[in-house]
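Undergrad: Pasting a structure below so you can have a look.
Every number here is computed from the coordinates shown, using simple stated rules; none is lab data. Here the structure is a predicted model, which is why all the values come from computation and not from measurement. Methodologically, a virtual Cβ is constructed for each residue, glycine included, from the backbone with ideal geometry; neighbour enumeration extends over all protein chains shown.
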Amino acid sequence: MAEKQDPDLTGYIHNVSPMKKSRRGTSYFNFDLQEKDAVRKAVCFSPEKRKVVEDQEQSQHGCKITRYSQGSFSQTDIVINKATIIDKEQLPFPSKKVEVPFTPLKDIDHLTPGQVINIKVKVISTKPAKTVPVKDTQGTTKELQKTEVLCADHTATRNLVVWEPITLQENHSYKLDVRVRLFGSSNYINTMRDTTVEEINDIETITSTDDETRTISSPGSFKGKISAMTIISRFIKCVDCRKKIPHTDKRIVTCPACQMTMLAKNCPADITAKLSVSLNEDAAIGRNMTITCFKDTLAYLTGTDLVLLSDDDILEQVLVNEETYSFDQNPQNICTNISLTDITDSPESLLN
């Protein structure tokens, strides 16, 4: 019996990427295939086909793709190689512009580690580059430079690890593709070997970037008042199977994984938030530190069981607090300790 082949695909080609190289040195490029009712992501491992694909995009003539294979990540992904045939085809539906989707920074904690996303950000601050040993796919160790960058979009601020040869400049805006990574219980993002970077017009962010109010992100200890806050993620865990249950204000919840029903107040709760801490008593003119915190820090700030509070309750109780706190943070800008204190030093001496 002959091997069953995937059905022919017809559509219009959009968003052809530059040539890239994988970690194993394989050349490839990507594009979108706009079908009548869907858009498929395609990866092509046949560099000689790029001219054909690029011509199809520029002409916006329909095409038919045969002898391709399904991608390993999703049934909507297709893989094109030397055996794939791409022919012109007259189609009964029109070509439509396919926008490249950009992921808001506030959504990164909800993504799966390993996922590649597109972001559009402004660089707020950068740390000095560090040289670190890195192993390649053959097990060979070599030294590469990495730079930690604080970036922002209209939804949140985020630390981005930038690997050489890519460099990003403060107060410049970019669109780029990055990979989601997991550190501890939080996601972060970093550039890849084949990341493409394009400088764009200045974008609006949630963070002021003039010289006197620039947000700073660095490890160590500091003192200040909380001036702003965003809740990044929040969920509870099933008391039976320990799987995540989306946060809800309901008193009784049912686990979507094991279908067990329980009181929400009996479920372990988890919450991640970012705090902007003013290092000057006047938040309008002071410098800020941005720090990630978890449930222990937020429970300390609210003085109550977080399960009993809505998002608005938590935000209100934290933000109306006029106290000055001392914060300790690790190199990933995660709060490791918080205590009540008084500012007696000048703003310039608050960073240890």
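Undergrad: Go ahead and run the numbers for FRET between V239 and W163, Cβ-Cβ distance against an R0 of 35 Å, rounding to 0.05.
TA: Given R0 = 35 Å and the Cβ-Cβ separation, E is 0.25.
Undergrad: Please identify which residues in segment 41-66 have an amide N closer than 14 Å to a label point set 7 Å out from the Cα of T26, following the Cα→Cβ vector.
TA: 43-47
Undergrad: Shifting gears a bit: Suppose R0 equals 56 Å; then what is the FRET efficiency for Q70 and S339 from their Cβ-Cβ distance, rounded to the nearest 0.05?
TA: 0.50
Undergrad: Here's something else I'd like to know. Within segment 9-88, what is the number of lysine pairs with alpha carbons under 25 Å apart, leaving out pairs fewer than eight places apart on the same chain?
TA: Pairs that pass both the separation and distance tests number 26.
Undergrad: Can you give the extra length, in nm with one decimal, that the chain gains between E322 and L144 once fully stretched, where that is 0.36 nm per residue apart less the Cα-Cα distance?
TA: Separation in residues times 0.36 nm, less the Cα-Cα distance, equals 59.7 nm.
Undergrad: Between S95 and K82, what is 0.36 nm times their sequence separation minus the Cα-Cα distance? Round to one decimal in nm.
TA: 2.1 nm
Undergrad: Another question, then. Take each of the peptides 252-265, 187-200, average the number of other beta-carbon atoms within 10 Å over its residues, and list them starting from the highest.
TA: With the highest mean Cβ count within 10 Å placed first, the list reads 187-200, 252-265.
Undergrad: At 7 Å along the Cα-to-beta-carbon direction for both E204 and Q259, put a label point, then send me their distance in nm to one decimal.
TA: Going from the E204 label point to the Q259 one covers 4.8 nm.
Undergrad: Moving on. For the pair D313 and K135, how long in nm is the line joining their label points, each one 7 Å along Cα→Cβ?
TA: Placing both labels 7 Å beyond Cα along the Cβ direction yields 4.8 nm.
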